[in-house]
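Participant: Pasting in a structure now, in structure tokens, and then I'll have a few things to ask.
Readers should treat all values here as calculations from the given coordinates under stated rules, not as data from a laboratory. Worth saying up front: this structure is predicted, and the values here are computed from it rather than measured. Reconstructed Cβ throughout: ideal geometry from the backbone, glycine too, with neighbour counts over all protein chains shown.
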Amino acid sequence: MGQAAILPCREGESYITELYQWFRKFIYECPSGLITLHEFQRHFCEGTGGRGSAEYAEEIFRTLDNNGDGVVDFREYAMAISLLTEGSAVEKLRWSFKLYDKDKDGAITRDEMLEIMKTVYKMSVAASLTPPNTLTAEECTNRIFLGLDKDNNAIISLEEFIEGALRDEWIREMLECDPSTVKVQRPLSRDPLLGTHEELG
């Protein structure tokens, strides 16, 4: 994800096959091998969130684009999916922390969390991804902060984020990124690389 790292080594043909499928989908959607924000919003979140996912897609793109060059390459993309699908709970939470830490200063403010939470709510409602939540985005943010901000300094550190989420299953579910919002989600398509009418997703 924009760092000097390699994909996690996992045995088994299924992982290699899945990675190859990601690559083929990626190249089919973005022949240049690079995704811009506009392309990501148009192609990669459309199947999951529709128009309501545009803001959330932008936040996901910002987190995927770890080196800040304005594009996401296949390595950044594949590492994110690999981590969110197969990573440990701590690895997934570290990635989610970057999503909420918008200014990349190593801490999450209430405003940062609320802003992301509002985009998540908007996407979820628009796409009917989850049952209606009885809590508002503001109430959800307040509850999370109450559970994570142990030193009451109005910010959440990475350590607080991980430790608190591991202690509270509800908080963890609210904070972890759903890999389906990062994977290619497309309706049935006539893809010459994938075969006729194969579903991309």
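Participant: Quick one: what are the phi-derived ³J(HN,Hα) couplings along region 63-78, Karplus 6.51/-1.76/1.60 with θ = phi - 60°, whole Hz, x for glycine and proline?
Facilitator: Couplings: 6, 5, 7, 5, 8, x, 8, x, 9, 10, 9, 4, 5, 4, 5, 5 Hz.
Participant: Sorted by packing (mean other beta-carbon atoms within 10 Å per residue), highest first, where do 146-153, 170-177 land?
Facilitator: Going from most to least packed, we get 170-177, 146-153.
Participant: Less than 22 Å apart at the alpha-carbon level, and either on another chain or at least 8 residues along: which lysines does that give for LYS122?
Facilitator: LYS98, LYS102, LYS183
Participant: What is the gain in length, in nm to one decimal, between ASP105 and ARG167 on full extension, counting 0.36 nm per residue of separation less the C-alpha to C-alpha distance?
Facilitator: Once the chain is fully extended between ASP105 and ARG167, it gains 19.9 nm.
Participant: What does the convex hull of the alpha-carbon atoms of region 72-112 project to on average, in nm²?
Facilitator: Answer in nm², one decimal: 3.4.
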